[in-house]
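Read the structure below first, then the notes.
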Amino acid sequence: MATTQSPHSPANPFEQQKPIPGVGKIIAVSSGKGGVGKSTVAVNLALSLAKRYRVGLLDADIYGPSLPRLMGAVNQKVQVTPEQKILPLIRYNLKLMSIGFLIDETAAVVWRGPMLFKAMDQFFRDVVWGELDYLIIDLPPGTGDIHLSLAQKVPMFGAIVVSTPQNLALADVKKAIDMWKRVNIPVLGAVINMSYLRTTGSEERIALFPRGEIDAYLAAQRIPILAELPFHPSVSIASEAGVPVVESYPDSPEAQAIDKVSEKIASLSSNHDLAIDQLR
Ligand SMILES: Nc1ncnc2c1ncn2[C@@H]1O[C@H](COP(=O)(O)OP(=O)(O)O)[C@@H](O)[C@H]1O
Ligand SMILES: [Mg+2]
């Protein structure tokens with residue numbers, strides 16, 4: 001991270017930042033609010049990318065892990081090698097890690113600061129991720145210790161912010177974007193989830209939430225909208241069944257909206273690599 005420190009200033013927390021060997025672009029999926037569809041977007045985006053790339057998906061929502069259920073892997077546990085390395089689960093060509101694969105789904109996690117930082121360290125350093133083009137990270141809601149820990153520990157390619165369209169969610173979107181700015185992590189774009197209700201067999205789009213000022217705000221921040229994701233029961237039913245919509249209904253408008261996000265991420269990545277090459 002490009003912060004200059006005078007010899008007298010306090011230690012730069014970002015000095016701990018170390019790449020994960022073999023792991024390419026690390027992208028966090030975040031939001032200010034809970035329940036807006038972060039995990040849904042993270043899981044489906046990772047699956048969509050995994051059709052063409054080597055992808056890992058880390059559930060960093062230590063207090064409320066969703067990944068085991070979303071991927072149909074409840075009660076599955078990861079293997080730990082004699083060297084204390086953790087082998088991620090593999091589903092649909094995707095490497096998965098969640099606290100839920102170490103402890104019971106219903107066990108309440110009461111860790112604070114240092115323990116959280118340690119857990120994040122383990123996720124990055126002790127999981128055998130192997131060679132990955134992308135590591136997608138599903139974050140808890142808000143702007144807390146886990147976000148900070150992530151920003152301090154690994155160099156990130158960027159963050160995606162998920163929101164619903166109404167003004168009630170906007171204040172939290174602003175907080176999330178402000179947080180990423182403070183820690184110098186680019187916001188690659190926003191996904192507007194539950195943008196409208198789609199009903200099967202009809203072109204009608206029903207606004208579930210009134211569209212607020214999110215478009216004007218994102219435009220002013222120069223943050224592109226990567227996709228508008230409709231609300232459709234296929235998404236929630238697929239999630240409950242543990243076979244996310246990108247896998248179970250790949251031709252649905254919802255899966256296609258996610259594929260659009262993954263194409264945009266891939267093109268941002270290759271433009272970024274090209275620009276770096278040209279600097280060499
Ligand atoms: N586009 C959508 N259409 C239908 N249901 C959705 C959609 N997005 C999310 N959901 C459902 O809303 C609930 C909350 O989503 P989730 O991804 O867990 O949110 P978060 O991770 O932000 O808390 C889940 O039951 C999920 O299946
Ligand atoms: Mg979640």
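Details
- Hits in region 109-162 (condition: touching a strand residue (DSSP E or B) at 6+ places or on another chain (Cβ under 7 Å), within 16 Å of ligand 2 (Cβ to nearest atom) and part of a loop (DSSP other than H, G, I, E, B)): Leu139
- Flag: Lys33 matches the condition of being under 16 Å from the mean Cα position of the chain (by Cα) and either acidic (Asp, Glu) or modelled with pLDDT under 95 (or both).
- Filter result for Pro230 (closer than 30 Å to Met156 by Cα, assigned to a strand (DSSP E or B) and more than 16 Å from ligand 2 (Cβ to nearest atom)): yes
- Here Leu188, Leu279, Leu268 are screened, and the one residue that is of a type in the set (A, V, I, L, M) and farther than 28 Å from Ile146 by Cβ is Leu279.
Per-residue answers, yes or no, for (1) at pLDDT 95 or above; (2) outside any strand (DSSP E or B); (3) in contact with a Pro (Cβ under 9 Å, 6 or more places away or on another chain):
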{"position": "Pro165", "(1), (2), (3)": "yes, yes, yes"}
{"position": "Ile177", "(1), (2), (3)": "yes, yes, no"}
{"position": "Ala190", "(1), (2), (3)": "yes, no, yes"}
{"position": "Met194", "(1), (2), (3)": "yes, no, yes"}
{"position": "Gly212", "(1), (2), (3)": "no, yes, yes"}
{"position": "Ala216", "(1), (2), (3)": "yes, yes, no"}
{"position": "Glu240", "(1), (2), (3)": "yes, yes, no"}
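- So Pro21, is it without any contact (Cβ under 8 Å) to a residue 40 or more places away in the chain, more than 29 Å from Ser195 (Cα to Cα) and either in a loop (DSSP other than H, G, I, E, B) or of a type outside the set (D, E, K, R) (or both): yes
- Residues that are without any contact (Cβ under 8 Å) to a residue 12 or more places away in the chain, under 22 Å from the mean Cα position of the chain (by Cα) and outside any loop (DSSP other than H, G, I, E, B) within region 60-108 comprise just one, Ile90.
- Summed over region 233-271, the residues that are over 20 Å from Lys25 (Cα atoms) and away from ligand 2 (no atom under 16 Å from the Cβ) give a count of 17.
For every residue, the table says whether it meets (1) within 13 Å of Phe123 (Cβ to Cβ); (2) away from ligand 1 (no atom under 16 Å from the Cβ).
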residue: Thr40; (1), (2): no, no
residue: Leu45; (1), (2): no, no
residue: Leu49; (1), (2): no, yes
residue: Arg52; (1), (2): no, yes
residue: Asp59; (1), (2): yes, no
residue: Ser66; (1), (2): no, no
residue: Lys95; (1), (2): yes, yes
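- Neighbours by Cβ (under 9 Å, 6+ apart or cross-chain): first from region 111-134, modelled with pLDDT under 85; second of a type in the set (D, E, K, R): Trp111/Lys118; Arg112/Asp145; Gly113/Asp145; Leu116/Asp145; Phe117/Asp145; Phe117/Lys153
- Lone qualifier among Leu274, Leu197 - being out of contact with any Gly (no Cβ under 7 Å at 6 or more places or on another chain) and within 12 Å of ligand 1 (Cβ to nearest atom): Leu197
The values are calculated or read from the model by the stated rules, or taken from the named source; none is laboratory data. Please read all numbers here as calculations on a predicted model, not as lab measurements. Cβ atoms come from the backbone with ideal geometry, glycine included; neighbour counts cover every protein chain shown.
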